[in-house]
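The structure appears right after this line, and notes come after that.
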């Protein structure tokens, strides 16, 4: 029996080595033309790390690693949502109790009856950051923003009658953060550490508000790399002063090499079939980034009025989220900082039904609630059916059997998700200068991994 057990372990190790090699090769290819930028991915199954891969530099002269701290924008929403579920499991919060029951100041301007369930499924009409008059300095002030959010009005989205949800891209974090502080009588950082990251062993690699001693460890985009020497300046191929002023990613045409890489990805035949069926591409043509991305996000359905209301504050000076002050501020909906390994661990616990290394962080009843879809149909802000659970959207994929997987992606195309049917979790973080609406890396990696990992039964 011991020999059989050892043989099974050896076979598992061989499978995992092969998977890791495949994911590393794929990540290498998906660096595309964007070196020296790169990223890391981590995969867990049944509580065990089965693959990790890295490529490129996180900072000038610093290679990406699975434990590199990274700004992941809205991927961090999955972290704060998971903290809420741990608190629900501990009976400190309840999904159907009003926010104002815990946080009385929140009851103003028609918000008295808004429940935690409505907020976490993006059905509370609290999506418009434009309804709050706050400059950049105020956005970085946690206490001031809690006051502003408590006083904010409800805002219905444009064409509200055709939507069932409106993604709260920025406001969401202050609502949940203020609620968590009210329910626990702790700061958000203390509650995160006590209830979630310490039990998971990731307390030093997951933050809302990076400690001063960790700030220099956070990966940054290439435009922020130091450029003292001419070799690095040539590598970046851009004037540093112009890069420091630019905040939006640069849109560029795909090179022939990039198109060839896409054409040889395992998901390309699937993408071609969908592109043809949706009249996005003629038969047997190589698909470009825009065509592939449009398979996942229907750009023609983007409501710009709602999108801008949700994502663009009224401040005349836009925030650079990679700036040290912004990284140290508490903006839970948008500036979650974590490593790929930390994110994969959080979702690894979720993939195991709320259990991690024998600890029950989320009980079965709470797990059933959090993983059950709450709303379907096109979202008012995001141009797709997000199929919101409580704090997570559906696993965004096209090429595999329907799954009950869920997770959260970020503005820059980072992502973390789990698939409980496979006891599988995945996280991908990076410093490529792209957005989720013009990049395809997270989709290519997700499709490839799902094709390699078969469904398991617990």
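The values are calculated or read from the model by the stated rules, or taken from the named source; none is laboratory data. All figures in this text were calculated on a predicted structure; none of them were measured in a lab. So basically every Cβ, Gly included, is an ideal-geometry build from the backbone, and we count neighbours across all protein chains shown.
Of all residues in region 64-119, exactly one satisfies the criterion of being surrounded by 20 or more Cβ atoms within 10 Å (Cβ to Cβ) and at positive phi, namely 73. Residue 196 fulfils the conditions (1) crowded, with 16+ Cβ neighbours inside 10 Å; (2) in a loop (DSSP other than H, G, I, E, B); (3) out of contact with any strand residue (DSSP E or B) (no Cβ under 6 Å at 6 or more places or on another chain) except for a single criterion, (2).
Whenever a residue of region 343-354 is surrounded by fewer than 24 Cβ atoms within 10 Å (Cβ to Cβ), its partners that are assigned to a helix (DSSP H, G or I), lying with C-beta atoms within less than 6 angstrom and at least six residues away or across chains, give the pairs 353/367.
A residue that is without any contact (Cβ under 8 Å) to a residue 60 or more places away in the chain, part of a helix (DSSP H, G or I), in contact with a helix residue (DSSP H, G or I) (Cβ under 7 Å, 6 or more places away or on another chain) and surrounded by 21 or more Cβ atoms within 10 Å (Cβ to Cβ) occurs nowhere in region 125-133. Give the residues of region 65-109 that are in a helix (DSSP H, G or I) and free of Cβ contacts under 8 Å to residues at least 60 places away in the same chain, sorted by residue number. Answer for region 65-109, where residues must be in a helix (DSSP H, G or I) and free of Cβ contacts under 8 Å to residues at least 60 places away in the same chain: 100, 101, 104, 105, 107.
The residues of region 408-433 that are closer than 16 Å to residue 58 by Cβ, crowded, with 23+ Cβ neighbours inside 10 Å and over 12 Å from the mean Cα position of the chain (by Cα) amount to a single one, 431.
Here is a yes/no grid of residues against (1) outside any helix (DSSP H, G or I); (2) modelled with pLDDT of 95 or more:
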position	(1), (2)
262	no, yes
316	yes, no
322	yes, yes
335	yes, yes
349	no, yes
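Taking region 266-292 as the range and being in contact (Cβ under 8 Å) with a residue 24 or more places away in the chain and either in a helix (DSSP H, G or I) or under 23 Å from the mean Cα position of the chain (by Cα) (or both) as the test, the residues that pass are 267, 270, 271, 274, 289, 290, 292.
Residues considered: 421, 427. Of these, the only one that is in a helix (DSSP H, G or I) and closer than 29 Å to residue 116 by Cα is 421. Evaluating residue 362 against the criteria (1) assigned to a loop (DSSP other than H, G, I, E, B); (2) farther than 28 Å from residue 49 by Cβ leaves one unmet condition, (2). Just name the residue that is surrounded by the most Cβ atoms within 10 Å (Cβ to Cβ) out of those in region 146-169 that are touching a residue at least 60 places away in the same chain (Cβ under 8 Å) and in a helix (DSSP H, G or I). The selected residue is 160.
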